[in-house]
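One structure is given below, encoded as structure tokens.
Just so it is clear, none of the values below were taken in a lab; they were calculated from the coordinates. A quick note: this is a predicted structure, and the numbers were derived from the prediction, not measured. Quick reminder, even Gly has a Cβ in these numbers, built from the backbone with ideal geometry, and neighbours come from all protein chains shown.
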Amino acid sequence: MEKLEQIFAFINEKAEHYEQTNNLTYLESVLNTLEDVLDHKNEWAGEGASKEEIRKAIQLAILKGMRKASQPNHQMTPDTLGLLVGYFVEQFFEEKLKDSPISILDPAVGTGNLLITVMNMLDGKTFATGIEVDETLIRLAADTAELTQQPIMLYHQDALQKMLVDPVDAVVCDLPVGYYPNEEVALDYELCASEGMSYAHHLFIEQSLNYAKEGAYLFFLVPSNLFESEQSKDLHKYLKKHAWIQAVIQLPDGIFANKVLEKSILILQKQSKDLRAPREVLLAKVPNMSNKQALAAFFDKVQVWKEEK
Ligand code: SAM
């Protein structure tokens, strides 16, 4: 058995045991299993494994738990998207990463899968902060961060309220999509809807820019129709004032089960007096991942844009 399978089999066996004997959900049982490992109550099958093997094995167990519970709020960012975001973070910070580590914020960190995928790709060159409202998810993120030894400070709170976070070099976030229920807090935002409830995903973009350094890059997974909704005019206006759109990347066909759930990658840069906007916004579509030739052409296009931007 490969290491990844061994770790998954270990977590799965212990979690199923917890589930049957303690009347817990499978996801809670995974959490208890990981916490037992960290409390040294269990031997750890992940000894000697790579950080990616550990992350992927935990991810498989979490996915199994999410499928069983089918909680709509529990949406983990899949690897295909995490790896693409990681690729873009690497490209935009290529020069800076040669000198010093970068700070990353994920204000909707969930299970930590997206953030830890990116951190594993840039291993040793990042430190991060994650924010999450859901207690089970943030505990899963904390355990995965500890087992993969990624330096992440986690806060269990509503990310749209004040946060204890110093301005960061980068934001990565798979935005929660929908209306934000706390209308009083929404009033603090330029993107507060003039009528009715505000979009949480718009407020998350504004909040991310609030906690980003000048010149920072922000990598968002956004609904593909972000610029088509009835509140998008305000978003356009807001972005023009505070950020430069660097890239809008469409994702491959067929990775989302439903057209309504389709997402794109939106890359922004926070405006700075010392920098200038890119000459051109990179507009591209990631081809089907199994088409090696098309994928190579896509990466070439990104390189050419980077050199000319
Ligand atoms: N990237 C995450 C991962 O890999 O697990 C998944 C992010 S999921 C698409 C969006 C997350 O935002 C959910 O975990 C949800 O609980 C969280 N969320 C929603 N509203 C929030 C808020 N106001 N403050 C903090 N987190 C919030």
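When the helix-only estimate is applied to the chain (DSSP H runs of n ≥ 4, each -39,500 (n - 2.57), divided by the residue count), what is the mean residue ellipticity at 222 nm, nearest 500 deg cm²/dmol?
Helix-only estimate at 222 nm: -13500 deg cm²/dmol.
Could you give the dipole magnitude of the chain about its Cα centre, charging the beta-carbon of Lys and Arg +1 and that of Asp and Glu -1, in debye to the nearest 20? Write out the running numbers ahead of the final one.
On the way: 30 positive and 46 negative charges, 216 e Å.
Result for the chain is approximately 1040 debye, rounded to the nearest 20.
In the range 103-198, which GluC sites (Glu not before Pro) fall in coil by DSSP and have 10 or fewer other Cβ atoms within 10 Å?
E195
Using the Karplus equation 6.51 cos²θ - 1.76 cosθ + 1.60 (θ = phi - 60°), what ³J(HN,Hα) coupling, rounded to whole Hz, does each residue of the range 274-291 give in order, writing x for Gly and Pro?
7, 10, 9, 5, x, 4, 9, 7, 6, 10, 8, 10, 6, x, 3, 5, 7, 8
What percent do you get for the relative contact order of the range 150-248 when only Cα pairs under 8 Å and 6+ apart count?
Averaging sequence separation for qualifying contacts and normalising by length gives 31 percent for the range 150-248.
Using the crude model of +1 on Lys and Arg Cβ and -1 on Asp and Glu Cβ, and no other charge, please compute the dipole size for the range 58-140 relative to its Cα centre, in debye to 20.
340 debye
Can you list the aspartates and glutamates whose alpha carbon is less than 16 Å from that of K213, not counting same-chain residues fewer than 8 positions off?
D106, D166, D169, D274
How big is the charge dipole of the range 38-97 about its Cα centre, in debye rounded to the nearest 20, if each Lys and Arg gets +1 on its Cβ and each Asp and Glu gets -1 on its Cβ?
Value, rounded to 20: 420 debye.
Counting pairs of alpha carbon atoms under 8 Å apart in space and at least six apart in sequence, what relative contact order in percent does the chain give?
Result for the chain is 12 percent.
So in the range 68-216, what percent of DSSP beta bridges are antiparallel if you round to the nearest 5?
The answer is about 5 percent antiparallel.
Positive end of the charge dipole of the chain (Lys, Arg +1 and Asp, Glu -1 on Cβ, about the Cα centre): tell me which of V172, Q157, V89 has its Cα farthest that way.
About the Cα centre, the residue reaching furthest to the positive side is V89.
If you keep only loop residues by DSSP, which trypsin sites (Lys or Arg not before Pro) in the range 1-54 have at most 13 other Cβ atoms within 10 Å of their Cβ? Mind dumping the intermediate values first?
Numbers: sites: K3, K14, K41, K51; in loops: K41.
Passing sites in the range 1-54 are K41.
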